[in-house]
Amino acid sequence: MGIVGNVKFVLQSQGQDLATLEGEGWSTWDFAVKDGLGSEVARITRGRGGLATSLFRDSKRDKYVAEISDLPQGPLRTLAVASCIAIDTALRDS
């Protein structure tokens, strides 16, 4: 099952918008977490294993890499980590 179009989620803490989780296209399976100013604070990418792996996606065996910068602190850092886990869980079960 694929994601159609670009996906964008707002990450909130105590009712305040702190960041967004943005898909970077329906075919790349890469995501960025951006703070309120639009600066990237985390990146989630699907591991690459050559052309065959990229063409024939198997969500049960995909590996994701999460890179979180030193910039986010407090609730923003927690939301960045949580979004990385949520993406892996959502795509693994799709």
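The values are calculated or read from the model by the stated rules, or taken from the named source; none is laboratory data. None of these values were measured; they are calculated from a predicted model. Methodologically, a virtual Cβ is constructed for each residue, glycine included, from the backbone with ideal geometry; neighbour enumeration extends over all protein chains shown.
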Go through (1) at pLDDT 90 or above; (2) loosely packed, with under 11 Cβ neighbours inside 10 Å; (3) basic (Lys, Arg) for Lys34 and report which single condition fails. (2)
Under the condition of being surrounded by 13 or more Cβ atoms within 10 Å (Cβ to Cβ) and farther than 15 Å from Pro75 by Cα, which residue from the range 1-27 is modelled with the lowest pLDDT? Ile3
Given (1) closer than 18 Å to Ser13 by Cβ; (2) modelled with pLDDT under 85; (3) surrounded by 15 or more Cβ atoms within 10 Å (Cβ to Cβ); (4) under 12 Å from the mean Cα position of the chain (by Cα), index of the condition Ile85 fails: (3)
